[in-house]
Amino acid sequence: MTDEGLGKISEDIENHSDEAKAPKNLCVHELKRRLKNKQKKENVNIAIILFIMIFIIGFLLLLVY
């Protein structure tokens with residue numbers, strides 16, 4: 001490698017080390033609220049899929065009957 005390549009690599013390392021900052025500290029209440037919201041969204045998605053499956057199975061049973 002040339003000196004230019006090594007110089008560029010060392011500059012990149014220095015620049016990226018400046019960009020690495022500590023993440024913002026979140027309180028427990030904020031994390032609990034986010035977790036509850038995420039779980040609500042997952043539960044809604046599961047409920048929608050369940051109702052669609054029940055509807056499709058019911059419709060197929062009516063066609064067969």
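The values are calculated or read from the model by the stated rules, or taken from the named source; none is laboratory data. In this text, all values refer to a predicted model and were calculated from it rather than measured experimentally. Cβ sites come from the backbone with ideal geometry, for glycine too, and all protein chains shown count toward neighbours.
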For this session: For Asp3, indicate whether it is modelled with pLDDT under 75, surrounded by 10 or more Cβ atoms within 10 Å (Cβ to Cβ) and not aromatic (Phe, Trp, Tyr).
Result: no
For this session: Inspect all residues belonging to the range 18-35 and state whether any of them is more than 23 Å from the chain's Cα centre (by Cα), at pLDDT below 90, in a helix (DSSP H, G or I) and loosely packed, with under 10 Cβ neighbours inside 10 Å.
Result: yes
